[in-house]
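To start, the structure itself, in structure tokens.
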Amino acid sequence: MPKDVTILTGFLGAGKTTLLNALMNTRPHTRFALIENEFGKEGIDGDMVIRPDVDIVELSNGCLCCSLNDDLLTVLEELNDRSDRFDELIIETTGIADPANVALPFLMLPAVQRDFSLKRVVCLVDAELVEDQLRDTEEAIAQISFSDLIVINKTDRVSTVYLAKLVEMLQGMNPMAQILTGHKEDYPIEAIMAFTRTAIAPDKPGRFTPSRPVAKVPVVKPRSSASGSNHHHHKHSDIVSLSFRFTESMDLTSLYHRLMTLLLFQGQDIYRVKGIIYDQTRKERWIIQSVGKNITLLEGTPWQEDEEQLSRVVIIGKLLKPEDFEKMLRQCLSKESSWQITNSTTLLKTPTL
Ligand SMILES: Nc1nc2c(ncn2[C@@H]2O[C@H](COP(=O)(O)OP(=O)(O)OP(=O)(O)O)[C@@H](O)[C@H]2O)c(=O)[nH]1
């Protein structure tokens, strides 16, 4: 029997990993395989998955919808070789992925369809920030337009009147999608998992029309430019991912305050910050995140004795300059000696294929 597949998409910070954890927790007896895709070099999301028994495949430093398209097929083959070890597959896309390209192998390739059955493409939407995201980026539009099921998340942050308007607006953008609402304390998980795309006549003309010609699937793009730089070309974005790694202790309080100031004064182009922080004054790792101007701090698990204690920080936004963030992060180090930029991935505007 083909394994059920859920594609979980949604703009940066919409709440994909949070929903994923909630979903897997409500199904303790289901064995999940999970493909986590992040386009920065530092894969942070895999560490945020709280169920220890999940078979996680991390695909970092590229987007499944373009540069890692070929890798998806390889991973699917590998997963199929161990198909007796899991019941369902969930793919969490990057926050800027075009889900049409991630879904295409499941929709178009018989060899994939034999082993995997795409049940739903779920798009998480940040109720508070989606209007700005739709105005500023093409990615949010592609995600909402393509998905079968739209879950408006973070309803705790908006009024019911605004929420009703949002439902109307998103339904206008994608009239065929089902729309649900929820927040992290109360996700409509049963309704999400009960939904299957076959129930809504998937083959209606235009239903799954990808934004680019199908004939080009799978789209395989070079991972780096001919010059050998580490710039990664994305089809339609100016979005940059910066990854930093520090072996010195960081002062968590200082990081929090500096980040808050930065977001307050220059936050419009910083879409997402996520970090796992080593502060020598604390036994546990700490998770720092920001979405828009909202910052959250969360206590993680204690460091183990045999574990390397280090901080990893990923910053994603529009045309970000590494020097600005280098300066801020350097000021947060308890000692300033060993900071380094491990990767700087710039997604430049390039002509459509
Ligand atoms: N207030 C509120 N915050 C939420 C809700 N859901 C998620 N968050 C917070 O939003 C932030 C981002 O959540 P994630 O689940 O990491 O978002 P994501 O879509 O996986 O992020 P990327 O993988 O970076 O695109 C975290 O700080 C969450 O705690 C919600 O319903 N309400």
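Summary of values
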| quantity | calculated |
| --- | --- |
| Between the stretch 85-103 and the stretch 1-43, the alpha-carbon center distance in angstrom | 8 Å |
| Dipole of the stretch 3-216 [Lys/Arg +1, Asp/Glu -1 at C-beta], most positive-end residue of Gly172, Ser145, His29 | Gly172 |
| Among 186-192, 12-18, 81-87, 109-115, the order from most to least packed when residues are scored by Cβ within 10 Å on average | 12-18, 186-192, 109-115, 81-87 |
| Segments 276-282, 305-311 sorted - mean Cβ within 10 Å per residue, highest first | 276-282, 305-311 |
| Dipole magnitude of the stretch 3-216, debye to nearest 20 (Cβ charges: Lys/Arg +1, Asp/Glu -1, about Cα centre) | 680 debye |
| Added length on full extension, which subtracts the Cα-Cα distance from 0.36 nm per residue, Glu307 to Asn25 | 98.9 nm |
| Cβ-based exposure ranking for Val167, Val121, in which fewest neighbours within 10 Å come first | Val167, Val121 |
| For Arg51, Arg312, order by how many other beta-carbon atoms lie within 10 Å, fewest first | Arg51, Arg312 |
| 14 Å reach of a label modelled at Glu185, 7 Å along Cα-to-Cβ, counting backbone N of the stretch 118-161 | 154-158 |
| Fewest-first sequence of Ser241, Ser145, Ser290 by Cβ atoms within 10 Å of each Cβ | Ser145, Ser290, Ser241 |
| Rounded FRET efficiency, nearest 0.05, which uses the C-beta distance separating Thr261 from Ala164 and R0 of 45 Å | 0.80 |
| Amide H partners (placed H, <5 Å) of Ile91, local residues excluded | Thr6, Ile7, Leu8, Ile35 |
| Chain lengthening between Met1 and Lys327 when straightened (0.36 nm per residue, less Cα-Cα) | 112.0 nm |
| Leu180 long-range amide H proximity, modeled H, under 5 Å | Ile150, Val151, Ile152 |
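Each reported figure results from applying straightforward, stated rules to the coordinates on display, with no laboratory input. Small disclaimer: the values here were computed from a predicted structure and weren't measured. As a convention, Cβ positions derive from the backbone with ideal geometry for all residues, glycine included, and neighbour counts pool all protein chains shown.
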